[in-house]
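Visitor: Here it is, the structure in full.
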């Protein structure tokens, strides 16, 4: 699904060059659950922006589903983000006074999907994300942190993307609630065969994935598959 080959990203501010990525290469197969782990300043956020078609590399190749995203125009990158990638962020990014259904339907509204189809797809996504149906008409500011994050996961799923990018998705949650959310990602990967890339600086969070890529100072220092991963209860 993903091929990253010798990706470099350099930021220039005046006469100062900052090398955020220094020749990163790896592949991700369809249906993998991968964690990209590194400390602050390691380059993982820059890599996440490139994987999410939010930015383009200074040099190198990024192919998503066979398409060379590294050479796309801004309009083409926007189309990739809209149709091929689902984003889950630490800060949730939901509309607090809109209902759960409305929040999940928003990407479909922008895609001009008919009203009845929007609601049908939003309900499917919410069920797949593990949210109880009696919460669908609640406002997002009436939900717990874990429920809100599952709404955000449903919104990422609703366009049926080929890739889900989760950027520190448990960062604003307590440990128990974070584990429930990570269990949702595990179920999406195992049962629905979704490809998931999880960005984190926490070892305990990364261990829920099947493979961990360690990045430091803009370079991959370790890339290994795990024989076992942490199995956690998928609670409602």
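Throughout, read-outs are computed from the coordinates displayed, never taken from laboratory work. The structure presented is a predicted model; accordingly, all values stated were derived computationally and were not measured. All Cβ positions, even for glycine, are placed from backbone atoms using ideal geometry, and neighbour counts span all protein chains on display.
Visitor: For the stretch 68-110, count all C-alpha to C-alpha pairs, find those more than 15 Å apart, and express that count as a whole percent of the total.
Guide: Every Cα pair in the stretch 68-110 considered, those over 15 Å come to 55 percent.
Visitor: So how tilted is helix 145-157 from the main axis of the chain? Cα-based, degrees 0 to 90, rounded to 10.
Guide: Orientation of helix 145-157: about 70 degrees from the principal axis.
Visitor: Output the antiparallel fraction of DSSP beta bridges having both residues in the chain, as a percent to the nearest 5.
Guide: Numbers: 24 of 42 bridges.
Antiparallel: roughly 55 percent of the beta bridges in the chain.
Visitor: Take the alpha carbon atoms of the stretch 37-72, find their center, do the same for the stretch 171-204, and report the distance between the two centers in whole angstrom.
Guide: Computed from Cα coordinates, the inter-centre distance equals 21 Å.
Visitor: Something else about it: Within the stretch 43-76, list the residues whose amide N lies under 13 Å from a label point set 7 Å along Cα→Cβ of residue 17.
Guide: Residues 58-59 fall inside that zone.
Visitor: Multiplying the sequence separation of residue 68 and residue 141 by 0.36 nm and subtracting their Cα-Cα distance, what value in nm do you get? Before the final figure, lay out each step's value.
Guide: Numbers: separation 73, 0.36 × 73 = 26.28 nm, distance 3.96 nm.
Result: 22.3 nm gained on full extension.
Visitor: Calculate how steeply helix 100-110 sits against the longest principal axis of the alpha-carbon atoms of the chain, using the helix alpha-carbon long axis, and give the answer as 0 to 90 degrees to the nearest 10.
Guide: Between the helix axis and the principal axis of the chain, the angle is about 60 degrees.
Visitor: Against the longest alpha carbon principal axis of the chain, how many degrees, from 0 to 90 and to the nearest 10, is the axis of helix 175-192 turned?
Guide: With rounding to tens, the tilt is 90 degrees.
Visitor: Give the peptides 31-40, 157-166, 88-97, 73-82 in descending order of average Cβ contacts within 10 Å, highest first. Don't skip to the end; give the middle numbers.
Guide: Details: 31-40: 19.5, 157-166: 21.3, 88-97: 15.8, 73-82: 13.3.
Result, highest mean Cβ count within 10 Å first: 157-166, 31-40, 88-97, 73-82.
Visitor: Expressed in nm to one decimal, what extension gain is obtained for the pair residue 134 and residue 204 from 0.36 nm per residue of sequence separation less their Cα-Cα distance?
Guide: Numbers: separation 70, 0.36 × 70 = 25.20 nm, distance 3.17 nm.
Additional length available on full extension: 22.0 nm.
Visitor: Using only the Cα atoms, work out Rg/Rh for the stretch 9-104, with Rh taken as the Kirkwood radius, to two decimals.
Guide: Rg/Rh for the stretch 9-104 comes to 1.01.
Visitor: Peptides 101-108, 12-19: what's the order by average Cβ count within 10 Å, highest mean first? Could you put the intermediate results ahead of the total?
Guide: Working: 101-108: 22.0, 12-19: 8.5.
Most protected by this proxy first, the peptides run 101-108, 12-19.
Visitor: Please give the contour-minus-distance gain from residue 124 to residue 75: 0.36 nm per residue of separation, less the Cα-Cα distance, rounded to one decimal in nm.
Guide: Values: separation 49, 0.36 × 49 = 17.64 nm, distance 2.90 nm.
Stretched fully, the residue 124-residue 75 segment lengthens by 14.7 nm.
Visitor: Run lengths n ≥ 4 of DSSP H only: what is the helix-derived mean residue ellipticity at 222 nm for the chain, with -39500 (n - 2.57) per run over all residues, to the nearest 500?
Guide: After summing the helix terms and dividing by the residues of the chain, the value is -10000 deg cm²/dmol.
Visitor: Once label points are set 7 Å from the Cα along Cα→Cβ at both residue 6 and residue 192, what is their separation, rounded to one decimal in nm?
Guide: Computed distance between label sites residue 6 and residue 192 equals 3.8 nm.
Visitor: Would you work out if the stretch 123-184 is rounded, prolate or oblate? Take a ≥ b ≥ c from the square roots of the eigenvalues of the alpha-carbon gyration tensor; rounded if a/c is under 1.5, else prolate when a/b is larger than b/c, oblate otherwise.
Guide: oblate
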